[in-house]
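Worksheet for the structure shown next.
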Amino acid sequence: MNNNSISFTSKIRFVDRPVYAMMEKSNLIGFRHNVPNILKDKTFYSEEIRTCTGGGLVNPFKEAEGFHFWDDLPNKKNFDILINRLFRFVKSPEHGLLVGGKDLKNSPFSMEQFLRFKKVFLERVKNVSFFQKHNYEYSETHFHYSLDTDTWTLCSSFLDSNPDRYRTVKKIADLRKCFDKISIAEGDKLFLGKKEILPDDAPDIFAIYQKKQQANLNL
């Protein structure tokens, strides 16, 4: 069978802080301009995505790259350069993932940057899963990717009503509370810990149902 005809399913897995902390990690992606903020490798990770935009592009089991872009004026001005670099490192990616952004007065470029990346990804990548806009001022996401298993591991936490304790995304209610908009691509599988979340379990966050709903609204 020709590998080009195989449809791979990427996995997106949310874990709590202890599980994420115990993972073996290599190839850190930073966000400042004096460190690599785009990295192509078999495994990579990035941490403390808050107002920034992070994620990656993947051809499952072949090649992958991750990124973490600071939401500042230089990256706003160089947006086209960043996009060209991303799609030069991984050509014709089958899967993409985006996470980040906040709506804060002191971060004027945050959501603008995220939405610009989202627009380009949806235009150029077949399967894009995204976790758009952290809903709380004190929230963040770490991610790790492994090409060998084609798995994104995310750890997202937020501070809501309890001022002394961060909550980590462990269930669907946490996921909905943490992010403003969520879309799991038709070619991706979602896990919370070891439990797979099927489209029927949470239709509102899966692209296949979102498309059906939009089609019904357009009738």
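The values are calculated or read from the model by the stated rules, or taken from the named source; none is laboratory data. Predicted model only: the values in this text are computed from it and were never measured. Cβ coordinates were reconstructed from backbone atoms using ideal geometry, including for glycine residues, and neighbour counts include every protein chain displayed. Heavy atoms of the whole protein, side chains included, go into the accessibility calculation; ligands, DNA and RNA do not. Shrake-Rupley method; radii C 1.70, N 1.55, O 1.52, S 1.80 Å.
Of the cross-linked pairs K62/K126; K91/K212; K62/K133; K126/K177; K42/K62; K11/K177, which ones have a Cα-Cα span greater than 18 Å in the structure shown?
Too far apart for the 18 Å limit: K91/K212; K62/K133; K126/K177; K11/K177.
Would you tally the net charge around G66, using a Cβ to Cβ cut-off of less than 9 Å, leaving G66 out, and scoring K and R as +1, D and E as -1?
-1
Looking at the chain only, what percent of DSSP beta bridges run antiparallel? Nearest 5 please.
Among the beta bridges of the chain, antiparallel pairing accounts for roughly 70 percent.
State the Cα centre-to-centre distance between the range 65-80 and the range 183-213 in whole Å.
Centre-to-centre (Cα) distance: 29 Å.
Mind listing which trypsin sites (Lys or Arg not before Pro) in the range 181-219 are in a DSSP loop and have 15 or fewer other Cβ atoms within 10 Å?
In loop regions of the range 181-219 (DSSP not H, G, I, E or B), the sparsely surrounded trypsin sites (Lys or Arg not before Pro) are K194.
Measure off, as a whole percent, the carbon and sulfur share of the 1.4 Å-probe accessible area of the range 1-155, all protein chains present.
Result for the range 1-155: 51 percent of the exposed heavy-atom area is carbon or sulfur.
Considering only D200, D160, D41, give the residue with the highest GNM mean-square fluctuation for the chain, with springs between Cα atoms whenever their separation is below 10 Å.
Of D200, D160, D41, the most mobile in the Gaussian network model is D200.
If we restrict to alpha carbons, what Rg and Dmax does the chain come to, in Å?
Final numbers for Rg and Dmax: 16.6, 55 Å.
Expressed as a rounded percentage, what relative contact order does the range 111-219 have, with Cα pairs under 8 Å and six or more residues apart?
22 percent.
Kirkwood hydrodynamic radius (Cα pairs, Å) of the range 40-141?
So the Kirkwood estimate lands at 13.7 Å.
Compare S92, S46, S139 in a GNM of the chain, Cα atoms joined below 10 Å, and give the one with the largest fluctuation.
Among S92, S46, S139, the largest GNM mean-square fluctuation belongs to S92.
In the neighborhood of R32, defined by Cβ-to-Cβ distances under 12 Å, what is the net charge if each Lys or Arg adds +1 and each Asp or Glu adds -1?
Here the count lands on -2.
What's the magnitude of the charge dipole for the chain around its Cα centre, counting Lys and Arg as +1 and Asp and Glu as -1 at the beta-carbon? Answer in Debye, nearest 20.
For the chain, the charge dipole is close to 260 debye.
With charges only on Cβ, +1 for K and R and -1 for D and E, what is the dipole size of the range 36-132 about its Cα centre, in debye, rounded to 20?
260
Mind checking Rg over Rh on the range 113-169, alpha carbons, Kirkwood formula for Rh?
That ratio is 1.06, to two decimals.
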